[in-house]
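Peer 1: Right, I'll just put the structure down here and ask away after.
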Amino acid sequence: MTPGSVSGPVRAILFAIALAGCAPATDPVATNKALVARYYEEVFNQRNLDFLAEAMHAEVVGHGPGLQDEVRGLADVAAFSAYVYEVYDDYQLTVNQLFGSGDWVQVRATVQAVHRPTGRPVQFFGLSVYRLEQGKITEYWRAYDRLDLYETQLGGWRPGD
């Protein structure tokens, strides 16, 4: 078969098949990891609450760090994020590691900030797990060492003090 012996429509189909074989495949795990990393940068470091609608499902559910701590929906997530903005100055979250598998992303991150109510510098790490569906965060679980943060670094301070 020579290029001149193939009709126009058949040539177009063969060309499309050849291009499809050369096109890079979309890696959903890499895409999910990138979204979670961008969520941290936009929402916590840049204080961009508008990004929540892009990153999260409208009915998102967040758990933790305590057993009774839960947020539901974008408004609750935005309220929690705004609370972080009120309590901490110079907040800098660094993603140390991202792991992904299927629709799950796990993150290990560290935070350095100044606790506004006490004026004390703080540093803590956190572990979070995110579940994504159709390119949006639908549920997450967070854990960080609140005992060290509240007792050791902040001298017994508690939210609401």
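Peer 1: Inside the range 48-121, counting only strands (runs of 3 or more DSSP E) that do not spill past its ends, which hold 2 or more residues that are over 24 Å from VAL29 (Cα atoms)?
Peer 2: 70-72, 88-101, 104-115
Peer 1: Please specify each residue of the range 55-79 satisfying the condition of being surrounded by 14 or more Cβ atoms within 10 Å (Cβ to Cβ), free of Cβ contacts under 8 Å to residues at least 40 places away in the same chain and either touching a Leu at 6+ places or on another chain (Cβ under 8 Å) or of a type outside the set (D, E, K, R) (or both).
Peer 2: Within the range 55-79, VAL71, GLY73, LEU74, VAL77, ALA78 meet the criteria.
Peer 1: Right, here's the next one. Sort out which residues of the range 109-160 are open to solvent by 70 Å² or more (accessible area, probe 1.4 Å), farther than 16 Å from ASP69 by Cβ, within 21 Å of the chain's Cα centre (by Cα) and not polar (S, T, N, Q), and write them in order of number.
Peer 2: PHE125, GLU133
Peer 1: In this structure, is LEU147 within 25 Å of ASP76 (Cα to Cα) and at pLDDT below 95?
Peer 2: Yes, satisfied.
The values are calculated or read from the model by the stated rules, or taken from the named source; none is laboratory data. Model, not experiment: these values are computed from the prediction. Reconstructed Cβ throughout: ideal geometry from the backbone, glycine too, with neighbour counts over all protein chains shown. Note: accessible area is taken over every heavy atom of the protein model, side chains too, but ligands, DNA and RNA are not part of it. Shrake-Rupley method; radii C 1.70, N 1.55, O 1.52, S 1.80 Å.
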